[in-house]
Amino acid sequence: MEDKFSKIVSLCKRRGFIFPSSEIYGGIGGFYDFGPLGVEMKRNIKDLWWKEMIQNHENIVGLDASIIMSPKVWQASGHLTAGFADTLLECKKCHKRFRKDEIKQNKCPECGGKLTKPRKFNLMMKTFVGPVEEEASLTYLRAETCQGIYMNFKNVLNTMRLKLPFGICQIGKSFRNEINPKNFIFRTREFEQMELQWFCHPKEAKKWFEFWKKERLKWYESLGLKKKNLRAKEIPAKERAHYAKRQVDIEYRFPFGWGEIEGVHNRGDWDLSNHAKHSGEDLRYFDETKKEKYFPYIIETSIGVERSLFAFLCDAFEEIPGGRTKTTKATKEVEILLKLHKKLAPIKVAVLPLVRNKRELVKKAKEVYKLVKPHFVSQYDEIGSIGRRYRRQDEIATVVSVTVDFQTLKDNTVTCRDRDTMTQIRVKIQNLVEVIKKILEGEKVFKV
Ligand code: ATP
């Protein structure tokens, strides 16, 4: 299984999904850059989540709050105190630090050396605002996006004239000074979160928790994550985040074991009541019909974009020893097929001239590329044998490969090849865009 992990990491680098940050200077632990394919896939995940939340549900609106906020926010939220700290042990010999939950025996997992007593280590990243680096200008990069939502609870409620229950969602960067960033993009120090904060009557919190837990699990399945690799884990009280009354982690079975990709939390009135206390603002909700004033409870669903992207990649990754087309010369190679859901695939269409040394074929293929490009994220590729090019596209999950061949020059038709079944159909160029649209919508265009 470990092997699969390194193969995926290597594919990500080789094919332009993910690169280590600042690589020419030796990198920097816990930071990654998303390359041309990675950025497309990330955008797809974010767009799909946004559409799911805002368009497929009632009473949810969006927000984009600033990353840097008043440090008072973090004081009130409990993030500056022990609440948002990992317990850390240091090896007396090699001085590496480990989270307490990573230590199985009381010795260093790296060199076997003795460990120090556990110490609390706050995860907030510090920065200074303004020209003078002094205590008064100290603030923090946000460690979770939701605090920006609580800051705007009243603004959104009043401007949008919302009634409970309603939700506010946001996508944005968060930063945590993780002691031990590891497992590629699973645990990093800079990452993106997609969060929904659902405000409801305290008496309805239980019901909504169940609702959102189910909705979120359904979303992963709708995008092709295999059920056997997905689970919802109830977190016992002593292991919960400091704000959570109830917590379910949605976990994925990564090659290195089960790991959280999303947290569903009942935050109760922890945040709004603390912010009300510290700021002096009344953040209670007034129900006009029942003449009742109270702090709403908050059900939160919080996903890491990178962790979910990594889960989708792991789930889609298949190796086929000897390849799928047993007749070609390359049969001794191991073929990689990335079976990403169509909606997640970074490249939707590849346009390929059958050969590149025939001027008319290349010219026609470039025309076809120009035709499809405004409609779909597309790639033009003429390098190497056609079999090799198909395999290159399979490896990056391209949904449809369009080949321009000699028959195209006679009757203006091209072949469309399905990534998963390798089935081909002939399509008139004038219908090509419509046919590809149908394929991407999931219509059965290829007859297997
Ligand atoms: P963990 O226990 O793995 O540190 P957490 O319980 O602290 O995670 P939450 O605070 O619930 O995580 O954050 C919600 C989501 O944000 C997580 O499910 C995960 O997808 C993402 N996330 C949190 N920390 C990181 C990180 N260091 N790197 C990448 N993603 C992260």
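Dipole magnitude for region 245-298: about 200 debye, using +1 per Lys or Arg Cβ and -1 per Asp or Glu Cβ, origin at the Cα centre.
Put a plus charge on the Cβ of each Lys and Arg, a minus charge on the Cβ of each Asp and Glu, and nothing anywhere else: the dipole of the chain about its Cα centre is then about 1260 debye.
Measuring nothing but protein heavy atoms, the accessible surface of the chain at 1.4 Å probe radius is 51 percent carbon and sulfur. Under a 5 Å amide H cut-off, with hydrogens placed 1.01 Å from N, Phe128 pairs with Thr139 among residues at least 5 apart or on other chains.
What is the angle, in °, between the Cα long axis of helix 2-14 and the longest principal axis of the Cα atoms in the chain? Nearest 10 is fine, range 0 to 90. It works out to around 70 degrees. The alpha-carbon positions of region 184-322 define a convex hull whose volume is 140 Å³ per residue. Summing charges over neighbours of Ala232, with a neighbour being any other residue whose Cβ is under 11 Å away from its Cβ, gives -1 when K and R count +1 and D and E count -1. Summed over qualifying helices (DSSP H, 4 residues or more, each -39500 (n - 2.57)) and divided by its residue number, the chain shows a 222 nm mean residue ellipticity of -8500 deg cm²/dmol. Set against the 2.2 N^0.38 Å expectation for a compact globular protein, region 185-238 has a Cα radius of gyration ratio of 1.41. Here r is the Cβ-Cβ distance between Trp258 and Lys93 and R0 is 41 Å; the resulting FRET efficiency, rounded to 0.05, is 0.85. Against the chain, whose longest principal axis comes from its Cα atoms, helix 205-222 is set at around 20 degrees.
Indicate the gyration tensor shape class of region 1-110 (rounded, prolate or oblate), computed on the Cα atoms with a ≥ b ≥ c the square roots of the eigenvalues: a/c under 1.5 is rounded; otherwise a/b larger than b/c is prolate and the rest oblate. It comes out oblate by the Cα gyration axes. Other residues within the sphere of radius under 14 Å centred on the Cβ of Arg419, judged by their own Cβ, net out at +3 (K and R +1, D and E -1).
Here the scattering of the chain is modelled by Debye summation over its C-alpha atoms, one equal scatterer each and no solvent; at q = 0.09, 0.10 Å⁻¹ the log10 of I(q)/I(0) is -0.71, -0.84. Taking all protein chains as they are arranged and a probe of 1.4 Å, the heavy atoms of Cys94 leave approximately 50 Å² accessible to solvent.
Within region 349-448, the trypsin sites (Lys or Arg not before Pro) that combine a DSSP coil assignment with at most 13 other C-beta atoms in a 10 angstrom radius are Lys444, Lys447. Here is the link list: Lys7/Lys51; Lys7/Lys226; Lys207/Lys233; Lys100/Lys218; Lys182/Lys343. Which ones come out longer than 24 Å on Cα distance? Too far apart for the 24 Å limit: Lys7/Lys51; Lys100/Lys218; Lys182/Lys343. Note down the net charge around Ser77, summing +1 for each Lys or Arg and -1 for each Asp or Glu among other residues with Cβ under 11 Å from its Cβ. Here the count lands on +1. Loop-located GluC sites (Glu not before Pro) in region 355-448 (DSSP state not H, G, I, E or B) with no more than 13 neighbouring Cβ atoms inside 10 Å: Glu441, Glu443. If the segment from Asn177 to Lys100 were pulled out straight at 0.36 nm per residue, it would be longer than the present Cα-Cα gap by 26.2 nm.
Accessible surface computed residue by residue for the chain, with neighbouring protein chains in place and a 1.4 Å probe, gives 50 Å² per residue. Computed from point charges on the beta carbon alone (+1 for Lys and Arg, -1 for Asp and Glu), the dipole magnitude for region 347-440 about its Cα centre is near 240 Debye. Determine the shape class of region 347-440: with a ≥ b ≥ c the square roots of the Cα gyration tensor eigenvalues, call it rounded for a/c under 1.5, and otherwise prolate if a/b is greater than b/c, oblate otherwise. Note, shape of region 347-440 comes out rounded. Full extension of the segment from Ile68 to Tyr294, taken as 0.36 nm per residue of separation minus the current Cα-Cα distance, would add 78.5 nm.
Name the residue farthest towards the positive end of the dipole of the chain from the options Asn274, Pro36, Asn357, assuming +1 on Cβ of Lys and Arg, -1 on Cβ of Asp and Glu, about the Cα centre. Selected residue: Asn357. Of the chymotrypsin sites (Phe, Trp or Tyr not before Pro) found in region 221-274, those that fall in a DSSP loop while having at most 15 other beta-carbon atoms within 10 Å are Phe256.
Rg of the Cα atoms in region 124-224, relative to 2.2 N^0.38 Å, amounts to 1.39.
The values are calculated or read from the model by the stated rules, or taken from the named source; none is laboratory data. Bear in mind the structure is a predicted one, so any value in this text is a computation, not a measurement. Cβ: placed from backbone, ideal geometry, glycine included. Neighbour counts: every protein chain shown. Side chains included, ligands, DNA and RNA excluded: accessible areas come from the protein's heavy atoms. Shrake-Rupley method; radii C 1.70, N 1.55, O 1.52, S 1.80 Å.
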